[in-house]
Amino acid sequence: MTEAQVQPLDVLSSPVRREIVDALANLPHLTSAGQPNRSTGLTAADLAERLHLHVTTVRFHLDRLEQAGLVASHDERARVGRPRRRFTVQPGQLTEVTAPDAYRLLAEVLAASMASGESHDAAEAGRRWALEHAAELVGIDVAENSTPASTPGAWLAKVGAVLDVLDRWGYQPTVSTADAGRTAQLGLHHCPLRQLAVDNPAVACGVHRGVIQGTLEALGETDATVSLIPFVQPELCVARLSTATPFPERSVPVPPTERPAR
């Protein structure tokens with residue numbers, strides 16, 4: 001993989017790299033002019049001691065983080081011997097990774113499925129997890145929203161709850177509608193499980209499709225259909241959510257016929 005191809009979210013799938021970024025992010029590494037303070041930052045040896053790792057292992061991970069633009073390095077001149085290379089968090093490069101830890105959520109979904117003692121595929125595991133956690137995920141009273149939507153606005157409000165859940169996972173979703181509001185198309189940008197989705201789409205995509213389905217079911221949309229199309233573009237997947245509940249037709253008032261002037 002070339003430097004240009006290194007993606008921050010892929011790099012931070014490693015727990016060790018997340019620990020390194022956490023350690024560096026808590027250091028005062030900028031001057032008032034926004035430039036690296038040469039007396040701050042940590043060396044690979046410093047990080048190795050803090051994280052109880054071999055320094056060679058830390059150097060490998062620092063190299064990957066630097067390629068992804070997540071950390072910066074500078075040499076500190078010593079009176080004797082070689083300069084010491086210190087590392088700091090690269091300013092302005094962490095906006096993509098401020099979302100909750102999607103891999104932690106994935107582990108929670110799969111662990112809950114295994115603990116149930118039943119055999120579930122990834123989609124069913126995601127669905128059951130969403131049903132259990134829907135109230136806390138969407139922040140609304142599920143009991144008051146347990147009947148299918150009867151208008152486009154009510155349906156889109158439930159789609160909005162799905163968007164909130166996907167945002168918690170780390171997606172940057174967008175939405176458009178079709179079929180007079182009965183179908184919502186979600187653009188899922190920057191998959192938080194991208195590398196897993198590439199290597200094993202049945203797990204990553206299956207869990208997320210199940211999470212969408214379970215969230216809708218918890219909100220009373222038990223007959224809604226959900227499809228997920230991965231990687232329609234390198235950083236874009238598309239989910240389509242359709243309600244099976246017919247919306248009542250609205251009568252359009254007909255203006256009275258004007259009488260001809262006498």
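Could you tell me which residue of region 158-172 is most open to solvent (accessible area, probe 1.4 Å), considering only residues that are more than 12 Å from Ala102 (Cα to Cα) and touching a helix residue (DSSP H, G or I) at 6+ places or on another chain (Cβ under 8 Å)?
At the first step, the residues of region 158-172 found to be more than 12 Å from Ala102 (Cα to Cα) are 158-164, 172.
Next cut, touching a helix residue (DSSP H, G or I) at 6+ places or on another chain (Cβ under 8 Å) only: 158, 161-162, 164.
Details: Lys158: 14, Ala161: 6, Val162: 2, Asp164: 80 Å².
Per the stated criteria, the residue is Asp164.
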Worksheet entry | Single residue of region 194-252 satisfying the filter (open to solvent by 40 Å² or more (accessible area, probe 1.4 Å) and among the polar types (S, T, N, Q)) that is modelled with the lowest pLDDT | Ser251
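Got a sec? Which of Leu47, Leu70 is in contact with a Pro (Cβ under 8 Å, 6 or more places away or on another chain) and touching a residue at least 24 places away in the same chain (Cβ under 8 Å)? Before you say what the answer is, go through the steps one by one.
Details: Leu47 fails: in contact with a Pro (Cβ under 8 Å, 6 or more places away or on another chain).
Only one candidate qualifies: Leu70.
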Response to the item:
By residue number, the members of region 85-103 that are open to solvent by 60 Å² or more (accessible area, probe 1.4 Å) and at pLDDT 80 or above are Arg85
Practice prompt. Could you please find all residues in region 173-190 being in contact with a strand residue (DSSP E or B) (Cβ under 6 Å, 6 or more places away or on another chain) and either assigned to a strand (DSSP E or B) or open to solvent by less than 10 Å² (accessible area, probe 1.4 Å) (or both)?
Written response: Pro173, Thr174, Val175, Ser176, Thr177, Thr183, Ala184, Gln185, Leu186, Gly187, Leu188, His189
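Residue by residue through region 143-166, note down the ones that are part of a helix (DSSP H, G or I) and of a type in the set (A, V, I, L, M, F, W, C). First the steps, then the outcome.
The initial filter retains those residues of region 143-166 that are part of a helix (DSSP H, G or I), namely 143-145, 152-166.
Of everything in region 143-166, those that are part of a helix (DSSP H, G or I) and of a type in the set (A, V, I, L, M, F, W, C) turn out to be Ala143, Ala154, Trp155, Leu156, Ala157, Val159, Ala161, Val162, Leu163, Val165, Leu166.
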Worksheet item: Which condition number in (1) surrounded by 15 or more Cβ atoms within 10 Å (Cβ to Cβ); (2) at pLDDT below 90; (3) more than 19 Å from Val11 (Cβ to Cβ) is the one that Ala33 fails?
Response: (1)
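Taking the conditions exactly as written (over 30 Å from Trp169 (Cα atoms), modelled with pLDDT of 80 or more and not charged (D, E, K, R)), does Ala45 satisfy them or not?
On the way: over 30 Å from Trp169 (Cα atoms): yes; modelled with pLDDT of 80 or more: yes; not charged (D, E, K, R): yes.
Yes, satisfied.
Looking only at residues in region 38-80 that are of a type in the set (Lys, Arg) and outside any loop (DSSP other than H, G, I, E, B), which one is nearest to Leu24 (Cα to Cα)?
Per the criteria, the residue is Arg50.
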Worksheet item: When Cys237 is evaluated against the numbered criteria (1) within 23 Å of Trp129 (Cβ to Cβ); (2) without any contact (Cβ under 8 Å) to a residue 24 or more places away in the chain; (3) under 17 Å from the mean Cα position of the chain (by Cα), which criterion, by number, is the only one it fails?
Response: (2)
Worksheet entry | Residue identified as surrounded by 11 or more Cβ atoms within 10 Å (Cβ to Cβ), more than 30 Å from Gly214 (Cα to Cα) and modelled with pLDDT of 75 or more among Arg38, Arg77, Arg64, Arg82 | Arg64
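The values are calculated or read from the model by the stated rules, or taken from the named source; none is laboratory data. Only a predicted model underlies this, so the values are computations on that prediction, with no experimental measurement involved. Methodologically, a virtual Cβ is constructed for each residue, glycine included, from the backbone with ideal geometry; neighbour enumeration extends over all protein chains shown. The accessibility values were calculated without ligands, DNA or RNA, using every heavy atom of the protein model including side chains. Shrake-Rupley method; radii C 1.70, N 1.55, O 1.52, S 1.80 Å.
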